[in-house]
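For reference, the structure discussed in these notes is given below.
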Amino acid sequence: EEEPMDMHNEGSHLARQESARSGISAATAKKAEFLTFRLGAEEYGIDILRVQEIRSFEEPTRIANAPSFIKGVVNLRGVIVPVVDLRIKLGCEKVEYNSFTVVIVLNVQGRVVGAVVDSVSDVLELSSDLIKPAPEMNTTVDTSFITGIASVGERMLILMDIEALMSSADMGLM
């Protein structure tokens, strides 16, 4: 008498697991959150899950012989964090430090890295249908780090794989 019931329970349990699983994957495929920031005239977006915190810019301690885009290091609650000026790294023409200049503290492959940007705009939830592949073009930015372009209203966001950028060989950080 109990056997058919057990089978039924097992079946509905599996079905429930299956629908939960497909629900999760559908949700992650559809939407992702991006922190948006400005570098010069362009607006970029990076995966919010990489962002640890946002700090106001403070002059880092210079390191001898570091590449020009590595501004130096800062002490972040006992952790020595390299600070990369993304504007220099990505070839923005003029680099001005002002009250809006911020450091985005990132967690990349278990390492903490700071990225200097002109200003942080907001956090946007983007569904995958808003994201178009980046066109092949001759830009100042190395397009291998660009995962797509999202247009949100009047805004064009360049979505960047910050993890790939920060761990690229020329960064020498990883």
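Where does the stretch 26-174 land on Rg(C-alpha)/(2.2 N^0.38 Å)?
Expressed relative to 2.2 N^0.38 Å, the Cα Rg reads 1.02.
Kirkwood hydrodynamic radius, the stretch 86-174, all distinct C-alpha pairs: what's the number in Å?
14.6
Please give the solvent-accessible surface of I162 in Å², to the nearest 10, using a probe radius of 1.4 Å with every protein chain present.
Rounded to the nearest 10, the figure is 10 Å².
Solvent-accessible area per residue for the stretch 61-174 at a 1.4 Å probe radius, Å²?
For the stretch 61-174, the per-residue accessible area is 53 Å².
Calculate the spin-label point distance for A169 paired with N65, positioning each point 7 Å from the Cα along the beta-carbon direction, and give it in nanometres.
Going from the N65 label point to the A169 one covers 1.9 nm.
Arrange the residues F100, F37 by how much accessible surface each exposes, largest first, with a 1.4 angstrom probe.
Correct descending sequence by accessible area is F100, F37.
Need the full-extension length gain, S56 to M156, defined as separation in residues times 0.36 nm minus the C-alpha distance. One decimal, nm.
Stretched out fully, the S56 to M156 stretch lengthens by 33.5 nm.
By a straight-distance test (C-alpha under 20 Å), which lysines pair with K31 as possible cross-link partners, with residues fewer than eight away in the same chain excluded?
K132
Step through the residues of the stretch 63-76 one at a time and calculate ³J(HN,Hα) from phi using the Karplus curve (6.51 cos²θ - 1.76 cosθ + 1.60, θ = phi - 60°), rounding each to whole Hz and writing x for Gly and Pro.
In residue order, the calculated couplings are 10, 4, 6, 6, x, 4, 7, 8, 6, x, 10, 10, 9, 10 Hz.
Any chance you could list the semi-axes, whole Å, largest first, of the equivalent ellipsoid that the Cα gyration tensor gives for the stretch 79-132, using √(5λ)?
One finds semi-axes of 22, 18, 12 Å for the stretch 79-132.
Note the full-extension length gain between E33 and S127 as 0.36 nm times their separation in residues minus their Cα-Cα distance, in nm to one decimal.
33.0 nm
Heavy atoms only, probe 1.4 Å: what % of the accessible area of the stretch 36-174 goes to carbon and sulfur, would you let me know?
52
How about the stretch 84-156: which GluC sites (Glu not before Pro) there are in a DSSP loop, with at most 13 other Cβ atoms within 10 Å of their Cβ?
E93, E96, E136, E154
The values are calculated or read from the model by the stated rules, or taken from the named source; none is laboratory data. Every value quoted in this text rests on a predicted model; they were computed, and no experiment measured them. Every residue, glycine among them, receives a Cβ derived from its backbone with ideal geometry; neighbour counts consider all protein chains shown. Side chains included, ligands, DNA and RNA excluded: accessible areas come from the protein's heavy atoms. Shrake-Rupley method; radii C 1.70, N 1.55, O 1.52, S 1.80 Å.
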